[in-house]
Amino acid sequence: MAKKVLVTGANGMLADALCPLLRKAGYDVAATDINGDSGIIKSDIRQVNSMLSVVKEHRPEIIFHLAAETDVDKCELQPEHAYNTNWQGTENIATICKELDLTMVYISTGAVFDGGKEGGYIETDKPDPISIYGMSKLKGEEAVRSLLSKYYIVRAGWMIGGHNKDKKFVWKIVQLLNSKPEISVVTDKTGSPTFTSDFSRGIVDIVGSGKYGLYHCVNKGICTRYDIAVKIAEFLGKKEVVIKPVTSDAFPLPAPRGKSEAMLNHNLSKLGLDKARPWQEALKEYLKNI
Ligand SMILES: NC(=O)c1ccc[n+]([C@@H]2O[C@H](COP(=O)([O-])OP(=O)(O)OC[C@H]3O[C@@H](n4cnc5c(N)ncnc54)[C@H](OP(=O)(O)O)[C@@H]3O)[C@@H](O)[C@H]2O)c1
């Protein structure tokens with residue numbers, strides 16, 4: 001019989017790749033989100049009792065906890081909302097996993113770091129978030145670690161993917177390239193692009209390994225937002241659009257961003273499971289299918 005699993009945040013960008021992949025890998029997936037949709041069970045991670053009823057009804061062996069407030073600026077402006085969702089919500093899921101003896105997979109972020117390291121953070125580097133979003137996700141990690149022994153925490157970088165769920169950088173740049181003769185893109189922050197399809201395969205491999213713990217799972221290569229925009233324009237054949245390099249002062253935003261959120265897949269490499277391909281290849285594949 002197929003192994004039962006439950007996914008939170010199933011309406012989101014990452015779940016767009018992860019849920020189909022889990023089904024393809026033979027898992028029986030119960031999908032949940034704050035907004036119920038066709039095939040998605042409506043359930044708020046902040047409501048521990050209603051989450052517990054959903055989990056008891058579906059009896060999964062693993063919970064993939066993706067649900068989060070991912071709008072970094074909204075988190076900065078509404079810290080209580082950020083902590084309720086990303087910290088308390090995660091603690092609720094971890095508590096349920098503890099009570100029912102389930103394995104938990106928690107998706108975290110490179111925003112837990114302060115951004116001062118060049119060359120990419122590895123799993124043993126000390127987190128020190130500079131934004132509310134980063135802090136709320138780190139508190140989520142700490143809750144998982146303190147309550148459970150059967151857990152995987154997997155940190156992603158700048159997410160690429162999502163199709164109609166994409167509301168992040170790639171989607172924004174595609175809209176701008178389709179509508180403006182000139183766009184400005186930031187050159188003074190670096191990160192690790194993370195294609196949702198590749199990341200999902202990484203998660204399935206990590207869980208398949210049975211080696212609990214903390215993992216970074218990003219595509220290969222460190223780049224700026226400007227580098228990504230240039231590649232998007234190239235892959236979409238938008239040669240006529242001028243892409244102007246600017247520093248982040250040109251876009252004042254509520255939440256601070258570290259100079260670098262780049263990561264390296266150190267623990268995946270140690271297990272021989274680092275299958276990351278260069279971010280440019282992943283981006284090209286994504287853009288072919290949007
Ligand atoms: N996107 C990135 O660049 C990125 C990078 C690194 C790590 N991550 C992490 O990866 C995970 C998945 O992110 P994603 O990119 O798929 O984000 P997403 O597209 O924003 O998906 C998150 C989903 O969770 C839902 N949600 C929010 N609050 C909830 C609640 N209280 N109860 C139940 N569901 C709730 C959201 O609904 P609404 O849309 O209605 O709020 C959304 O459908 C998150 O944990 C995120 O922190 C993301």
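The values are calculated or read from the model by the stated rules, or taken from the named source; none is laboratory data. Keep in mind it's a predicted model, so treat the numbers as computed, not measured. All Cβ positions, glycine included, derive from the backbone under ideal geometry; neighbour counts span all protein chains shown. With ligands, DNA and RNA removed, areas are computed over all heavy atoms of the protein, side chains included. Shrake-Rupley method; radii C 1.70, N 1.55, O 1.52, S 1.80 Å.
What whole-number distance in Å separates the alpha-carbon centres of the range 42-87 and the range 111-154?
Computed from Cα coordinates, the inter-centre distance equals 18 Å.
Based on the mean of other beta carbon atoms within 10 Å per residue, what is the order of 263-269, 121-127, most packed first?
Final packing ranking: 263-269, 121-127.
Evaluate the Debye formula for the range 174-228 with equal point scatterers sitting on the alpha carbons, no solvent, and hand back log10 of I(q)/I(0) at q = 0.21, 0.26 Å⁻¹, in q order, two decimals.
Calculated log10 I(q)/I(0) at the listed q: -0.86, -1.03.
With charges only on Cβ, +1 for K and R and -1 for D and E, what is the dipole size of the chain about its Cα centre, in debye, rounded to 20?
The dipole of the chain has a size of about 640 debye.
Compare Glu91, Glu80, Glu182 in a GNM of the chain, Cα atoms joined below 10 Å, and give the one with the largest fluctuation.
Top of the fluctuation ranking is Glu182.
Eigenvalues of the Cα gyration tensor times 5, then square-rooted: what semi-axes does that give for the range 208-290, in whole angstrom, largest first? Working shown, then result.
Numbers: eigenvalues 175, 77, 18 Å².
With the √(5λ) rule applied to the range 208-290, the semi-axes are 30, 20, 10 Å.
For the range 224-290, which trypsin sites (Lys or Arg not before Pro) are both in a DSSP coil and crowded by at most 10 other Cβ atoms within 10 Å?
Here the trypsin sites (Lys or Arg not before Pro) that fit, given the DSSP loop and packing criteria, are Lys239.
Students sometimes get this wrong: rank Ser149, Ser53, Ser248 by accessible area, probe 1.4 Å, all chains present, largest first.
Ser149, Ser53, Ser248
Compute and list, largest first, the equivalent-ellipsoid semi-axes of the range 1-138 from the alpha carbon gyration tensor, each √(5λ) rounded to a whole angstrom.
Rounded to whole Å, the semi-axes are 27, 17, 14.
Under DSSP H, which helices of the chain have Cα atoms covering 18 Å or more of the helix axis and a Kyte-Doolittle average no less than -0.5?
Helices meeting the span and hydropathy rule in the chain are 132-147, 196-209.
Across the range 26-169, how many lysine pairs, 8 or more apart or on two chains, come within less than 19 Å at their alpha-carbon atoms?
Going through the range 26-169 pair by pair, I get 17.
Against the empirical 2.2 N^0.38 Å scaling, what ratio does the C-alpha Rg of the range 116-250 come to? Intermediate results must be reported in sequence, preceding the final value.
On the way: Rg = 17.3 Å, N = 135, 2.2 N^0.38 = 14.2 Å.
Output field value: 1.22.
When you take every Cα atom in the chain, what is the radius of gyration, and what is Dmax, the widest Cα pair distance, in Å?
18.5, 58
Pull out a ≥ b ≥ c, the square roots of the eigenvalues of the alpha-carbon gyration tensor of the range 2-46, then state rounded if a/c is under 1.5, prolate if not and a/b is larger than b/c, and oblate in the remaining case.
prolate
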